[in-house]
Amino acid sequence: MNQKIWVGTNWKMTKTISEGLAYTEELVRISKKVSNNIELFIIPSYTALTSISELTSQSRIHIGAQNMHWEDSGAYTGEISPRMLDEIGIEIVELGHSERRQYYKENDADINKKVHAALRYDMKPLVCIGENIVEKKNNISKETLAAQLKVCLKDLTKEEASSVMIAYEPVWAIGENGIPADSGYVAEIHAFLREELIQLFGEVGSDIPLLYGGSVNHENIIEYIDIVDVNGLFIGRSAWETERFEEILRKLENHLYN
Ligand code: PGA
């Protein structure tokens, strides 16, 4: 396998600016030894974005934001606009993470507006989708995911779609109480998502990076990355310490490229 993969982490609401800077300095050092086939990204907290994007400007680490509003400006207290993220050189914007959907009632239609807004500013939307445990138990995972994809990516041209990345993150697999997904299940779902993307965007759909996330750690990464339609890994807790992230990167690199 000699394809590029995307590997990154969302810090959620964990690191302060100083903690984030220390982490990033270390990751910049680590990144110099990581194969160029691995596209590395981090998604810091908002307060740390400016200083971290300055720190990484000469490195190969891509920086993302955890959310944004779809309007350029306006009376939306507490929100951050695409114009503001563009000003500080943000390249990726994570949209529709399950915690945003669950605690802040984000829905697919709003995510779709955000996807269009990100593309207007040449930012790469990283659109998160995933079924919850009730949907899984009722055997409607695929229907749920197909609907999420369709609405989140509504009215995108093929060219626009080619800038999007998708993260499949089953809600029941995320976080402290998450149950790591069986790799056979992930393979089935990713193959399904690939077909859906091809149906929506033709050939372009075959090249849209499909990342997997949810309790990914150094023990299960190889199983996940060996799945044909898994083009990257989106990691939470297991990448919040650089030592553990480095171990994951080494393992991937040895397995895929050596
Ligand atoms: P986790 O988080 O790896 O800690 O389960 C994944 C995510 O929320 O993207």
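Relative contact order, percent, of the chain when contacts are C-alpha pairs under 8 Å separated by at least 6 residues?
Computed over the chain, the figure is 19 percent.
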Q. Using the per-residue mean of other Cβ atoms lying within 10 Å as a proxy for protection, in what order, highest first, do the peptides 182-195, 206-219 fall?
A. 206-219, 182-195
Q. With θ set to phi - 60° and the Karplus curve 6.51 cos²θ - 1.76 cosθ + 1.60, what are the ³J(HN,Hα) couplings of the range 207-222 in order, to the nearest whole Hz, using x for Gly and Pro?
A. 9, 5, x, 10, 9, 10, x, x, 6, 6, 8, 5, 7, 10, 4, 5
Q: With only alpha-carbon atoms counted, please give the Rg and Dmax of the chain, in Å.
A: 17.1, 53
Q) Is the shape of the range 131-176 rounded, prolate or oblate, going by the alpha carbon gyration tensor and its root eigenvalues a ≥ b ≥ c, with a/c under 1.5 for rounded and a/b larger than b/c for prolate? A) oblate
Q: When a/c is below 1.5 the answer is rounded, else prolate if a/b is larger than b/c, else oblate, so apply that to the range 1-139 with a ≥ b ≥ c taken from the square roots of the Cα gyration tensor eigenvalues.
A: oblate
**Q.** Rounded Å value of the spacing that divides the Cα centres of the range 193-220 and the range 221-238
**A.** 11 Å
**Q.** FRET efficiency estimate (nearest 0.05) - Cβ-Cβ, Lys33 to Asn177, R0 25 angstrom
**A.** 0.15
Q) From the cross-link list Lys33/Lys251; Lys4/Lys33; Lys4/Lys150; Lys113/Lys150; Lys105/Lys150; Lys136/Lys251, which pairs have alpha carbons spaced over 21 Å apart? A) Lys4/Lys150; Lys136/Lys251
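What is the gain in length, in nm to one decimal, between Lys150 and Gln199 on full extension, counting 0.36 nm per residue of separation less the C-alpha to C-alpha distance?
16.6 nm
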**Q.** Set of aspartates and glutamates near Lys114 by C-alpha distance (under 12 Å), chain-local residues within fewer than 8 positions excluded
**A.** Glu71, Asp72, Glu94, Glu106
Q: Can you figure out the FRET efficiency of Thr47 with Glu253, using R₀ = 30 Å and their beta-carbon distance, to the nearest 0.05?
A: 0.40
Q.
I'd like to know which of Gly236, Ala187, Asn37 lies farthest towards the positive end of the charge dipole of the range 5-239, counting +1 on Cβ of Lys and Arg and -1 on Cβ of Asp and Glu.
A. Gly236
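Each value in this text was obtained by applying a stated rule to the coordinates, not by laboratory testing. A quick note: this is a predicted structure, and the numbers were derived from the prediction, not measured. As a convention, Cβ positions derive from the backbone with ideal geometry for all residues, glycine included, and neighbour counts pool all protein chains shown.
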